[in-house]
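Step one of this worksheet: look at the structure below.
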Amino acid sequence: MKIVKAKSVEGYIDSFPDKTQKLLKQVRKAITAAAPKSVEDISYGMPAYKLNGKPLVYFGGYEKHIGFYATPTGHKKFEKQLSKYKQGKGSVQFPLEEAMPLKLITDIVKFRITENNAKYAKKK
């Protein structure tokens, strides 16, 4: 993993090679379009998106893939669609040599928004 000490998502993305930057920008755009009310920040050294003060998703650039982190619940809900990708607990790797699955990313983000809003409503 490339250690990036960026203070902004733009700075984070800009620290990668052009090809990776293009893919990271696509992922960022998909997330922000699906979650326009989310707060964008750097957390755990990578772009992070929160809603109601709680995490929605994270993503990160690597040498051979884009890591996407939607907490275990986001990955569990979409396990069939994600099954073709290398995974870990709460993470999935989208290879740089393949098109980013932007519709799937959007669907996962929307699921996480619904889940996050439901938890937030219970606490009110």
- Query: Taking the Cβ-Cβ separation of L102 and K7 as r and a Förster radius of 22 Å, what is the calculated FRET efficiency to the nearest 0.05?
  - Reply: 0.25
- Rank L23, P95, A34 by how far each Cα sits towards the positive end of the charge dipole of the chain (+1 on Lys, Arg Cβ; -1 on Asp, Glu Cβ) and give me just the farthest. A34
- Note on the structure: To the nearest 10 degrees, the tilt of helix 102-123 (Cα long axis) against the first principal axis of the alpha carbons of the chain is 40
- Message: Of G11, A118, G45, which is farthest towards the positive pole of the chain's charge dipole, taken about the Cα centre with +1 and -1 on the beta-carbons of Lys, Arg and Asp, Glu respectively?
- Response: A118
- Message: Just to confirm a number: summing +1 for Lys and Arg and -1 for Asp and Glu over residues other than Q26 whose beta-carbon lies under 14 angstrom from that of Q26, what do you get?
- Response: +4
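How much FRET efficiency would the formula 1/(1 + (r/R0)^6) give for T32 and Q81, where r is the Cβ-Cβ distance and R0 is 25 Å, rounded to 0.05?
Working: r = 21 Å, r/R0 = 0.85.
Using R0 = 25 Å, I get an efficiency of 0.75.
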- Angle in degrees between helix 18-34 and the longest Cα principal axis of the chain, rounded to the nearest 10: 10
- Local electrostatic count at L104 - Lys and Arg +1, Asp and Glu -1, tallied over other residues with Cβ under 13 Å: +3
- Item | Net charge over other residues, Cβ less than 10 angstrom from the Cβ of S8 (K, R count +1; D, E count -1) | -3
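Any idea what the dipole of the chain comes to, in debye rounded to 20, about its Cα centre with Lys/Arg Cβ at +1 and Asp/Glu Cβ at -1?
Working: 25 positive and 11 negative charges, 121 e Å.
Here the size comes out at about 580 debye.
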- Over the chain, what relative contact order in percent results from Cα pairs under 8 Å that are six or more residues apart? 25
- How compact and how long is the chain, expressed as Rg and Dmax of its alpha-carbon atoms in Å? 13.8, 44
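With Rg and the Kirkwood Rh both taken from Cα atoms, where does Rg over Rh land for the range 1-68? Can you show the working numbers first?
Values: Rg = 11.2 Å, Rh = 12.0 Å.
Ratio of gyration radius to Kirkwood radius for the range 1-68: 0.94.
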- Anyone know which of A33, A99, A70 comes out most mobile in the 10 Å Cα GNM of the chain? A99
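Starting from 0.36 nm per residue, how many nanometres of slack lie between V39 and K123 once their C-alpha separation is accounted for?
Numbers: separation 84, 0.36 × 84 = 30.24 nm, distance 1.96 nm.
Difference between extended and current length: 28.3 nm.
Read the figures in this text as sums done on the coordinates, not as results from a lab. What you see is a predicted model; the values in this text were computed from it and never measured. Methodologically, a virtual Cβ is constructed for each residue, glycine included, from the backbone with ideal geometry; neighbour enumeration extends over all protein chains shown.
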